[in-house]
Structures are given as structure tokens and as C-alpha cells.
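We did not get these values from a lab; they are worked out from the coordinates using the rules stated. This is a predicted model, so every value here is computed, not measured. We place every Cβ from the backbone using ideal geometry, glycine too, and count neighbours over all the protein chains shown.
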Amino acid sequence: MIPIARLSLGEAEAAAAADVVRSGWLMNGPRTAEFEALVADYVGARHAVAVSSCTTGLHLALIAAGVGPGDEVICPSFSFIATANAIRYVGATPVFVDIDERTYNIDVEQVEAAITGRTMAVLPVSQIGLPADIPALREIATRHGLLIVEDAAPSLGAAIHGTRLGTLSDLTCFSFDARKILTTGEGGMVTTDNGEAAHRIRLLRAHAASVSTADRDRSNKVVLESYPELGFNHKLTDIQAAIGVVQMGRVHEVVAERQRLGRRYDELLAADDRVVTPYVPPGFEHVYQSYLVRLRTEHTQEEVMTSMLDLGVATRRIFAIHDQPAYADVVSPPLPRTEEAAATTLLLPLFVGLTDDEQDEVVTALAKCL
């Protein structure tokens, strides 16, 4: 079976995790700070705050952006459900807009049309490793006094005109779950150049305690913390962070290999007019968390996925959030491009360690199923 993703971990990660266990300090601490510094340096941000997942990162980033009950946040529906869930966690309403039919990212023109007096932020998704058009969104957001909180869960290392995601938006959230560019098992990171927002997220991730557990532990006198606002338990552990530190040591080679595999898929599928391969706008750098294709076939998406599985190849899909039962109470405008993409696209296996032979097998299986 060729899975949709396969972990790229080794003895170095195991040793790093074991070192933390032996240290006696497992919670958020020195390894977390080291991991944060590495990610901040890599994306070029002044601040990086490690959290338990990209979802919790989005949750805290929206709070730091001042979003709350009664507010609206514009986002795409063509995404994992966590994108919209984070908006609802803070009591706000997700306002779904359609996607660009070539990039599958949020349609910038529709964003401006969706702005109302209740709009507080735009939450674009840099989907599957391809950046959303953040510069165009920035121009709109600045003109309307809005903040951009970016869901870049699958897109660590992606760039626009040489600038990596992580500083282009006001707050950018990355994921380190098992299928992402790098992994710590679960985990996330919020990057920003806004020191006040970073400080607040650091507090909120640990129940909003005025003093961290690490600082109290290091002190040679009694320190009594206070809790000035409602906080959350959204911390990353040092065990996870230690794995992340090792992973960051090879982030450049990981991104390069994913891009090589993406280009190879492009070449292998170029002659098959039943498959539309990914479009990458000029100046945009795709890191291929997965490889998204649009199918031109009379077979349904589920039929193709089932046939692929029968041939030993796992696939996945991206769905329309507004069509999920959990969002039946959210009024959505017509989203024809989102619904078409949700019904006709497919994610093919792509991960570090995917061999050329396995990739050939994926392409051969897809051709048979179409």
C-alpha cells in the first residue's frame, strides 16, 4: 500500500525526545524556546510561539487580533474544517467566499465584496503548500482596517517573490501534525512581527498565567502568579519541540525533495488530458504538502478513490466546509467553484521517502481508474 503520507523520522528525533525525558523537564521549556527561535529565523519573523496544534494557534491568533462574539471573519470553505472552527471558537461568524479555480485558494475579489461593518479579519488558507495571494489581500485589508490571520498549516517554506510565509500576514499559523511539511506528531506555531500579539498568545496558551511555570521553577524565591483573563491549555511539550528542532535541521532538504516530487508528478501527468495538474502563479513557491489534481472523468470522486485504494494507493480529498452538518446553521452564498473543486479534485501521495517507482505506480493506478 502506498499511503497518502509516510513519516520521515529517524534515530536523531528518537534520541532528542529521549534526552528530554531524561532531563526531567517535559513540559513547555527550553526545547520549545529553541524550536520557536529556529522557526522564527527560517520564516524571517520577529516572533514565533509554539502551540499544541495549528487549530489552537488559529484560535489564539484570532483572540490576539481582537476577534470576538458578533464579529465576522472572511474565509474559504474549501479547506479542512479547523479553519472555520477556530472562528467559531471565539464566538465569531465565518463568512465563506469562493476560491480561485486555478489555485484553489481564496478569491481575492470576492473577499472585498464580502466585507461588512462587522468584518474584523480575513482568514486565508495557503492550501496544500501553495501561498494564497497575501499581497493582494494585504492591500484590501489595509484599506478596510482589517487584520489577516493566515492558515498556513500545510505551507511551511512556501514563498511569494522570495519572501516565505510567516511575515506577510499579521499572524500566520503553521501545523506540525503527521502529514505536514515537518512533524512533531501534533503541534503548531504562530509567527508574527507584532510583539504585543506574540506576548498575549504566550500568556493565553498557558491559562493566561502572569508568570510561566519555567520562570517560577527557576526562581530562588516564592512567585505567586495571577490569572488576569480567561486562558487555555494550548502548550507544546518539550518532547515534541525536541523532535521539531531536529526536523528543522533538514527543512531545506525536505522542501527541496517535495518540490522535486511535485515537478515529477507534473511531468508524468502532462500528457493525460483527464488530469489537471497544479497551477503555480509566477513568483509563488509551492512546497507540495500533497499533490492536488482535478479529474475530468465521468466517474465520481469516491469511485476513483475506491478504485485507487483497490489498486493499493491511498488518496484524500478536500471538502467544502459549508456543506458539512456542523455548519448547517451558517448561511452561505452560492460557492460554485468550491463545490466543483470539492467534487472533482483528489490528493495524491507525496512525502519525503516516496520513491520514483512508487510515484510511477500512483500515476499508473490513476490512469487505470480514470
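Average 1/r across all pairs of distinct alpha carbons in region 1-75, invert it, and you get the Kirkwood radius: 15.7 Å.
Defining a contact as two alpha carbons under 8 Å apart and six or more residues distant in sequence, what relative contact order in percent does region 11-250 show?
That works out to 28 percent.
Here the relative contact order of region 252-369, from alpha carbon pairs under 8 Å that lie six or more residues apart, stands at 33 percent. Would you please state which residues of region 334-370 a label at Ile81 would reach in this model, taking the label point 7 Å out along Cα→Cβ and a backbone N cut-off of under 18 Å? In region 334-370, the label zone of Ile81 (backbone N under 18 Å from the point 7 Å along Cα→Cβ) covers 339, 342-343. Summarising the label geometry, the points placed 7 Å from Cα in the beta-carbon direction at Ala314 and Leu230 lie 3.7 nm from one another. The trypsin sites (Lys or Arg not before Pro) of region 1-48 that DSSP puts in a loop, and whose beta carbon has at most 13 other beta carbons within 10 Å, are Arg46.
Treating each Cα of the chain as one equal point scatterer and applying the Debye formula with no solvent, the log10 of I(q)/I(0) at q = 0.12 Å⁻¹ comes out as -0.90. Of all DSSP beta bridges confined to the chain, the antiparallel ones make up roughly 60%. For region 252-369, the Cα-based Rg and Dmax, in that order, read 15.5, 47 Å. Comparing mean-square fluctuations of Ala342, Ala17, Ala270 from a GNM of the chain with C-alpha springs under 10 Å, the top value falls on Ala270.
Within the shell of other residues whose beta carbon sits under 15 angstrom from the beta carbon of Ile160, the net charge comes to -3, with Lys and Arg scored +1 and Asp and Glu -1. Restricting the GluC sites (Glu not before Pro) of region 306-370 to loop positions (DSSP other than H, G, I, E, B) with no more than 15 neighbouring Cβ atoms within 10 Å leaves nothing. A Cβ-based charge dipole, computed about the Cα centre of the chain with Lys and Arg at +1 and Asp and Glu at -1, lands at about 940 debye.
If you wrap the tightest convex hull around every Cα atom of region 34-152 and split its volume per residue, you get 104 Å³. Partner aspartates and glutamates whose Cα lies under 15 Å from the Cα of Lys180, excluding those fewer than 8 positions away in the same chain, are identified as Asp151, Glu253, Glu257.
When each of the peptides 183-193, 245-255, 322-332 is scored by the mean number of other C-beta atoms lying within 10 Å of its residues, the order from highest to lowest reads 183-193, 245-255, 322-332. Can you compute the helix-only [θ] at 222 nm over the chain? Use -39500 (n - 2.57) per DSSP H run of at least 4 residues, normalise by all residues, nearest 500 deg cm²/dmol. So the calculated ellipticity at 222 nm is -11500 deg cm²/dmol.
Give me the tail of P(r) for region 198-329 as a percent: Cα-Cα pairs with distance above 25 Å.
59 percent
Packing order of peptides 86-92, 207-213, highest average first: 86-92, 207-213 (average count of other Cβ atoms within 10 Å over each peptide's residues).
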